[in-house]
Amino acid sequence: MKPLLEVDQLRVSFRTYGGEVQAVRGVSFSVKEGETLAIVGESGCGKSVTSRALMGMIPPRSGQVKGGSIRFRGRELTGLTKMEWQQVRGSQIGMIFQDPMTSLNPTMKIGQQIAEGLIKHRKQTKTEAKEETRKLLERVGIPEAARRFEQYPHELSGGMRQRVGIAMALACQPQLVIADEPTTALDVTIQAQILRLMKELQKQLNTSIILITHDLGVVAEVADHVAVMYAGVVVESGPVGEIFDNPRHPYTQGLLQSVPRLDAGKKERLIPIEGTPPDLFRPPAGCPFAARCRFAMEICMEHMPQSNSFFNQHEASCWLNDPRAQRTEACMVAGRETHG
Ligand code: SF4
């Protein structure tokens, strides 16, 4: 079966006073129908810029898709006009934002905001859209839907606002929903409710989800596949179980060591990843993680590692996995020991 979305060698840059920032530098991944792909990485790794590019939301004044391809249901999306993007957004690809307060219009009743999409994309009458909106609000767990329809965003709690954000994203039944840190602004109990709701709705509607997050707990909870991003590139990808049980890239290993585990006992020490990501005004010629990697070899500084494939669509870009690199065996053993 062909994937719903195929992203190949996507590159996005921004013009600033200091020069060109190469925020996304050749990202590739795919998403199948009904699947959840989590894109993880620390702030500034390019995960949110990638999601904005998938929605045609790179601001044209400062940013530009410099190359690569985004194919959605076989159709190339890079190069669409503003009008064409407006038809794709909402009706075919929906988006759930981190803070619904910034995505919802504070001057409009929430019901009207959801109904607007139904009138525009599904050509419903006002009465039909109102009825459909009421059903949607109930579906995302908002009680007294008729009363809530008439309320403004500031009258709802953070969790309720995010439910409205989910209802808006799903209103026109898009095949793909991009959720950019959807639970970061919420407290832990509400986070769990929202994640459960997203999973339930995905099952009912067979929607594919791209989840942008830095939270590995959220990834473990909802993702089927994971793409780990660092300094504008995907350094490792694969099924969620493979990534958690058998990480092949030192950055992924570092991420996993820096989060607490419930089964680790009292004496577990969390190990931070020392250092900072490279300057994307002048990205390094070699591995972008080299300055922070304790396994770095000479070749890592000079040449970008290629992607190596392992069991079950698991891939990682690291010289440790390349048979041509020196010290491969010793380093891989060290990496495994550190993780285990
Ligand atoms: Fe470390 Fe080299 Fe692998 Fe990069 S390629 S993660 S520097 S060992």
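For the reader, a short list of remarks on this structure follows.
- Over all directions, the projected convex hull of the C-alpha atoms in region 170-212 averages 2.9 nm² in area.
- The calculated FRET efficiency for K2 paired with D245, based on their beta-carbon distance and R0 = 30 Å, is about 0.55.
- A cut-off of 5 Å between modelled amide H atoms, ignoring neighbours fewer than 5 places along the same chain, links T36 with I209, D224, H225.
- Candidate aspartates and glutamates - alpha carbon under 12 Å from K135, same-chain residues fewer than 8 apart omitted: E144
- Taking a ≥ b ≥ c as the square roots of the eigenvalues of the Cα gyration tensor, an a/c ratio of 1.5 or more together with a/b no larger than b/c marks region 265-327 as oblate.
- 0 to 90° range, to nearest 10: angle between helix 158-170 axis and the chain longest Cα axis: 90 degrees
- Percentage relative contact order, the chain, counting C-alpha pairs under 8 Å, at least six apart: 19 percent
- Within the chain, helix-based [θ] at 222 nm, where runs of 4 or more DSSP H residues each add -39,500 (n - 2.57), nearest 500: -10000 deg cm²/dmol
- A simple rule links phi to the HN-Hα coupling: the Karplus curve 6.51 cos²θ - 1.76 cosθ + 1.60 with θ = phi - 60°, which for region 7-18 gives 10, 10, 6, 5, 10, 10, 10, 10, 8, 10, 4, x Hz, with x for Gly and Pro.
- Straight-line cross-link partners of K2 among the aspartates and glutamates, defined as a Cα under 18 Å from its Cα and at least 8 positions apart when in the same chain: E33, E35, E76, D224.
- For the chain, a crude dipole built from +1 on the beta carbon of Lys and Arg and -1 on the beta carbon of Asp and Glu, taken about the Cα centre, is about 900 debye to the nearest 20.
- Over 23 Å apart at the Cα level, from the set K130/K203; K32/K203; K66/K120, are K130/K203; K66/K120.
- With Cα atoms, 0 to 90° folded angle of helix 126-139 axis to the chain main axis: 50 degrees
- Taking Cα atoms only, the orientation of helix 188-205 departs from the longest principal axis of the chain by about 80 degrees.
- C-alpha center-to-center spacing [region 1-49, region 283-329] in angstrom: 20 Å
- GNM remark for the chain: springs join alpha carbons under 10 Å apart, and the peak mean-square fluctuation among L54, L80, L195 falls on L80.
- Across region 227-235, coupling constants 3J(HN,Hα) worked out from phi with the 6.51/-1.76/1.60 Karplus curve, θ = phi - 60°, read 10, 9, 9, 8, 6, x, 10, 8, 9 Hz, and Gly and Pro carry x.
- Percentage of interatomic Cα-Cα distances in the chain larger than 25 Å: 55 percent
- Packing rank of 313-322, 184-193, where each peptide gets the mean count of other beta carbons within 10 Å, highest leading: 313-322, 184-193
- Each peptide in 276-284, 250-258, 174-182 receives the mean, over its residues, of other Cβ atoms within 10 Å, and ordering these scores from highest gives 174-182, 250-258, 276-284.
- Segment E155-E274, length gained on full extension (0.36 nm per residue, minus Cα span): 38.6 nm
Read the figures in this text as sums done on the coordinates, not as results from a lab. The model shown is predicted, which means the values in this text are computed figures rather than measured ones. Note: ideal-geometry Cβ built from the backbone for every residue, glycine included; neighbour counts use all protein chains shown.
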